[in-house]
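Report on one structure; see the data block that follows.
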Amino acid sequence: MCYATKRKIADCVKRLMRRQDISRITIQDIMDETGMSRQSFYYHFKDIYDVLEWIVQKDFKEPISDTEYGSMEEWVCDLFRMIEKEHSFYQKIVSEVEWPRIIRNIKLSLKEQMTEIFAQDERHTNRGQTEEWDSCMDIFSTAFGYYILDCIYRRKAFSEKKVIQDTRYIMMMLENVQENAKNPIVAFPRKMVM
């Protein structure tokens, strides 16, 4: 029931955003359109931005989480296809909401998927959980999240070839980190030599 209520509110926010800016949407507008009380809204969300964060989290995870992907490239292409379907909605979000509020949920999805892909790849079974690896995954998922937001913001046309190429670059960098993790002095110098 909780999920269904959240989804109903989220879908309403998406519909309202097609007609007006986020800043003009009120809680009362949402609740009037859904036929629910204001208390229902505040039981599930803090504010409209909380709804948007929930939408991004669900949109970035749910449609593609049930699919087994053989590569990060496949997953990222599916992600971009999903964004293309809702491009006007995401365009409004990246234009009207501070990016750090959005990036948290995108980053979590990317980090999860990158970890999953590496776990499935036989070449990476001896990786283990190192502090260096976790730091790199955090950096790369953040950078790739901002890459996605920038593509939406600049209205870049979805090019599967470009997305695959960029994703491969990121995966190659992570593979290098993993290879160099055996010798952390090479991968992550402890001291800077001046």
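The values are calculated or read from the model by the stated rules, or taken from the named source; none is laboratory data. Not measured: the values here are computed from a predicted model. Cβ sites come from the backbone with ideal geometry, for glycine too, and all protein chains shown count toward neighbours. Please note that ligands, DNA and RNA were not included when accessible areas were found on the heavy atoms of the full protein model with its side chains. Shrake-Rupley method; radii C 1.70, N 1.55, O 1.52, S 1.80 Å.
Quick check on packing: order 27-33, 152-158, 103-109 by the mean number of other C-beta atoms within 10 Å, highest mean leading.
On the way: 27-33: 15.7, 152-158: 12.0, 103-109: 18.9.
So the order, starting with the most tightly packed, is 103-109, 27-33, 152-158.
Each other residue within a Cβ distance under 12 Å of Glu160 adds +1 if Lys or Arg and -1 if Asp or Glu, for a net charge of -2.
Can you give me the accessible area per residue for segment 31-115, using a 1.4 Å probe, in Å²? Mind showing how you got there, number by number?
On the way: 4110 Å² over 85 residues.
Computed with neighbouring chains in place, this is 48 Å² per residue.
A cut-off under 9 angstrom between Cβ atoms defines the neighbours of Thr142, and their net charge, with Lys, Arg +1 and Asp, Glu -1, is +1.
Roughly speaking, to the nearest percent, how much of segment 1-100's 1.4 Å accessible area is carbon and sulfur? Don't skip to the end; give the middle numbers.
On the way: 2450 of 5190 Å².
Answer for segment 1-100 is 47 percent, counting heavy atoms of protein chains only.
Excluding same-chain neighbours fewer than eight residues apart, the aspartates and glutamates reachable from Lys161 by a Cα-Cα span under 20 Å are Glu73, Glu74, Asp78, Glu84, Asp150. When the square roots of the Cα gyration tensor eigenvalues are ordered a ≥ b ≥ c, the ratio a/c for segment 11-61 is 1.5 or more and a/b does not exceed b/c, which makes its shape oblate.
Beyond a 19 Å Cα-Cα separation, which of these cross-linked pairs lie in this structure: Lys8/Lys58; Lys58/Lys92; Lys61/Lys107; Lys8/Lys46; Lys8/Lys111; Lys14/Lys61? List each step's numbers first, then the result.
Numbers: Lys8/Lys58 13 Å; Lys58/Lys92 17 Å; Lys61/Lys107 11 Å; Lys8/Lys46 16 Å; Lys8/Lys111 28 Å; Lys14/Lys61 17 Å.
From the list (Lys8/Lys58; Lys58/Lys92; Lys61/Lys107; Lys8/Lys46; Lys8/Lys111; Lys14/Lys61), the Cα-Cα distance tops 19 Å for Lys8/Lys111.
Projected label points at Glu84 and Arg24, each 7 Å from Cα along the beta carbon direction, are separated by 3.0 nanometres.
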